[in-house]
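Every number in this text was worked out from the coordinates using simple rules, so none of it is lab data. Just so you know, these numbers come straight off a predicted model, no measurement behind them. Neighbour counts run over all protein chains shown; Cβ positions are idealised from the backbone, glycine included.
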Amino acid sequence: MSVDNLINDQQLKQYEEQGYFTVEGLFTAQEVEGVRNEIPKIVALYPDVPNELVQIEPTVTSGEKIPETFELGVRKLSRMARYNEFFRNLAFHPRMVGIAKSILGPDIVLHQGQLLMKPPHFGGEKVWHQDNAYFRLEPNHVFGFWVACDDATVENGCMHVLPGSHTRGIAEHDGAGDEYGLVSPQSLDDAVPIPLKPGDALVFHGELYHYTPPNNTDKRRRAIQYHYASSQCRQTAGHDRFKIEPEVLITGQDYVETATP
Ligand SMILES: O=C(O)CCC(=O)C(=O)O
């Protein structure tokens with residue numbers, strides 16, 4: 001895929017009207033393999049890592065479930081670009097940055113990167129939520145790439161979205177930590193599942209309602225998620241329950257205010 005004309009008119013229209021579109025083969029097989037190979041290197045550093053980097057499945061932490069290996073109990077890696085060169089470099093992926101420019105314009109930060117591990121048998125659901133309910137960015141010029149690193153299916157916990165919900169504003173959310181989600185969850189009957197092959201991506205607006213079911217299969221369902229935002233966005237005053245600062249300036253101008261003398 002060339003870095004020109006990365007999004008066609010139909011995809012842009014779908015993004016505006018429904019809040020998402022998919023891209024086949026955003027990452028090559030080699031790039032997916034690179035991500036898969038880097039994960040164990042970070043996991044091996046545990047517990048000598050910053051708290052935000054490695055998150056374990058709650059059922060594993062509580063002792064309710066015992067995974068075969070430590071890595072198979074990891075729920076997420078977060079904010080990897082801050083600590084790991086491979087994931088920092090990956091955030092500058094020309095095809096992702098090209099699409100980000102089409103959606104956000106010239107000034108872009110990586111707001112948050114995550115590896116969503118959803119391990120076999122142990123990967124719990126991610127409740128219905130809007131990512132910008134965590135970020136609280138104004139204006140809401142923020143969106144995510146969710147790139148499958150394994151076959152993502154309904155059975156092993158692929159993304160489910162509610163088309164058009166990105167136009168409703170931020171709905172009421174509640175819950176602790178990663179359970180923070182919509183107070184009025186959506187019915188799965190109204191959701192559109194997004195099964196993807198490794199390297200394929202879902203591109204979704206930061207205020208699109210989405211959900212992933214548990215992984216009750218014996219198949220892995222790893223995905224890498226990078227959220228890009230306009231560097232002009234700021235966290236809404238008084239909404240700093242999650243203090244998420246941008247990880248890296250990707251391109252264009254940084255609008256971080258500097259103190260005036
Ligand atoms: O389980 C997933 O892959 C989705 C997770 C998600 O939406 C999130 O953590 O914000």
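Details
- Long-range lysine pairs (8 or more apart or interchain), the chain, Cα under 23 Å: 20
- Comparing Gly105, Gly113, Gly238 in a Gaussian network model of the chain (Cα springs below 10 Å), the most mobile by mean-square fluctuation is Gly238.
- Sites Ala29 and Thr167 - FRET efficiency at Förster radius 30 Å, r taken between beta-carbons, to 0.05: 0.25
- In terms of its C-alpha gyration tensor, the stretch 102-241 comes out prolate, because a/c is 1.5 or above and the ratio a/b outweighs b/c.
- By the helix-only formula, in which each DSSP H run with n ≥ 4 contributes -39500 (n - 2.57) and the sum is divided by residues, the chain has a 222 nm mean residue ellipticity of -5500 deg cm²/dmol.
- What separates the Cα centres of the stretch 81-95 and the stretch 206-248 is a distance of 16 Å.
- Largest GNM mean-square fluctuation among Ala223, Ala191, Ala91, using the chain with Cα springs under 10 Å: Ala191.
- Between Phe70 and Val248, the distance separating the two model label sites (each 7 Å from Cα on the Cα→Cβ line) works out to 2.5 nm.
- Area projected by the alpha carbon convex hull of the chain, averaged over all directions, nm²: 14.5 nm²
- Cα centroid separation, the stretch 13-72 to the stretch 165-199: 19 Å.
- Projected label points at Asn8 and Val49, each 7 Å from Cα along the beta carbon direction, are separated by 3.9 nanometres.
- Ranking Gln112, Leu208, Phe87 by Cα position along the charge dipole of the chain, where only Lys, Arg, Asp and Glu carry charges on their C-beta atoms, puts Phe87 farthest toward the positive end.
- Student exercise, the chain dipole from Lys, Arg, Asp, Glu Cβ charges, in Debye to nearest 20: 280 debye
- Scoring 177-186, 131-140, 244-253 by mean Cβ neighbours within 10 Å over their residues and listing the highest first yields 131-140, 244-253, 177-186.
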